[in-house]
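Remarks on the structure that follows.
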Amino acid sequence: MSLTLYFAGGSCSLPALVGLEEAGAQFEAVRLVLADGDQRTPEYLAINPRGRVPVLALDGQTVGENVAVLTAIANRFPQAKLLPFGDEVLLGRAYELIGWFSSGVHVSFAQVFRPERFSRDESAWPAIRAGGRENVLAAFAEIEQRLQGGGPWLLGEAFSLVDPYALVFHRWAPRLEIDVSAYPAFTAHAQRVLARPAVGRAVTRESSPQRLVVNA
């Protein structure tokens, strides 16, 4: 039984890395440097033709996209309780948030970071960026509201892989010059996530050697 996670520092692959750390899994961590174009090499495109992270290789079979990768990790390590498989309502809420984070919030950031993905017309890029920033602010307001008066985690009393996924966006906020103090519940949540030992190890691994066997 072998596990290899292909990830990149500062990217949306953080929750997958956190999941493996929370589970105490033995796995090989392969860090891509996106700024160097590692995701566009023939070797990596043979693993994931879309050139994205994360990718999880399970016993030689690869799975991409966060919703699939996080499900695979949580399913392989049920004792870690990374997703609420025993509660159909909470599980539905978990996938609602994971889906929104992946296809909504992340895309809004991409409008700001990569407007060329949305139009080849450079004159349209300022409007694309502005719209993306507005969408991010709306998403932050919704996350803030979800956390106000509820449990310490996005699904209530229990930590799940939804929480480090939300942390990704909080960490990206400075790149959009967003004042996170305007979102005190979201900021307190980010601090709780970062205080978890497994998350600390995952963040450290984001700047680790490019290939590393964890918990060997």
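All but one of (1) under 28 Å from ALA72 (Cβ atoms); (2) in contact (Cβ under 8 Å) with a residue 12 or more places away in the chain; (3) not in a helix (DSSP H, G or I) hold for HIS170; state the number of the condition that does not hold. Single failed check for HIS170: (3). When the criteria are applied in full, ALA74 meets the requirement of being under 21 Å from ALA166 (Cβ atoms) and surrounded by 16 or more Cβ atoms within 10 Å (Cβ to Cβ).
When we screen GLU144, GLU157, GLU177 for residues that are touching a helix residue (DSSP H, G or I) at 6+ places or on another chain (Cβ under 6 Å), over 19 Å from SER11 (Cβ atoms) and of a type in the set (Asp, Glu), the only hit is GLU144.
If you go through the stretch 119-134 one residue at a time, do you hit one that is under 30 Å from GLN79 (Cβ atoms), in contact with a helix residue (DSSP H, G or I) (Cβ under 6 Å, 6 or more places away or on another chain) and β-branched (Val, Ile, Thr)? No, the conditions are met nowhere in the stretch 119-134.
In the stretch 124-145, the residues that are aromatic (Phe, Trp, Tyr) form Cβ pairs under 8 Å with partners that are crowded, with 16+ Cβ neighbours inside 10 Å, at six or more places apart or across chains, as follows: TRP125/PRO115; PHE140/PHE169; PHE140/ALA173; PHE140/ILE178; PHE140/TYR183; PHE140/PHE186.
Here's the yes/no breakdown for (1) assigned by TED's automatic domain parsing to the domain that holds ALA202; (2) in a loop (DSSP other than H, G, I, E, B); (3) under 24 Å from ASP163 (Cβ atoms):
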{"site": "PHE7", "(1), (2), (3)": "yes, no, yes"}
{"site": "ALA16", "(1), (2), (3)": "yes, no, yes"}
{"site": "LEU20", "(1), (2), (3)": "yes, no, yes"}
{"site": "ALA29", "(1), (2), (3)": "yes, no, yes"}
{"site": "VAL53", "(1), (2), (3)": "yes, yes, yes"}
{"site": "ALA57", "(1), (2), (3)": "yes, no, no"}
{"site": "THR62", "(1), (2), (3)": "yes, no, no"}
{"site": "LEU70", "(1), (2), (3)": "yes, no, yes"}
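None of VAL30, VAL63 is β-branched (Val, Ile, Thr), in contact (Cβ under 8 Å) with a residue 40 or more places away in the chain and closer than 16 Å to PHE7 by Cβ except VAL30.
Residues checked against (1) in contact with a strand residue (DSSP E or B) (Cβ under 8 Å, 6 or more places away or on another chain); (2) outside any helix (DSSP H, G or I); (3) surrounded by 15 or more Cβ atoms within 10 Å (Cβ to Cβ); (4) on the phi > 0 side of the Ramachandran plot:
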position: ILE98; (1), (2), (3), (4): no, no, yes, no
position: ARG120; (1), (2), (3), (4): no, yes, no, no
position: ILE128; (1), (2), (3), (4): no, no, yes, no
position: ALA138; (1), (2), (3), (4): no, no, no, no
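Within the stretch 36-51, the set of residues being surrounded by fewer than 17 Cβ atoms within 10 Å (Cβ to Cβ) and either assigned by TED's automatic domain parsing to the domain that holds PRO164 or among the charged types (D, E, K, R) (or both) comprises ASP36, ARG40, GLU43, ARG50. Please go through the stretch 150-188 and give me each residue that is loosely packed, with under 14 Cβ neighbours inside 10 Å, acidic (Asp, Glu) and closer than 17 Å to GLU96 by Cβ, ordered by number. Across the stretch 150-188, there are no qualifying residues.
The values are calculated or read from the model by the stated rules, or taken from the named source; none is laboratory data. Since the model is a prediction, treat every value here as computed from it, not as a measurement. Note that we place each Cβ from the backbone using ideal geometry, even for glycine, and neighbour counts take in every protein chain shown.
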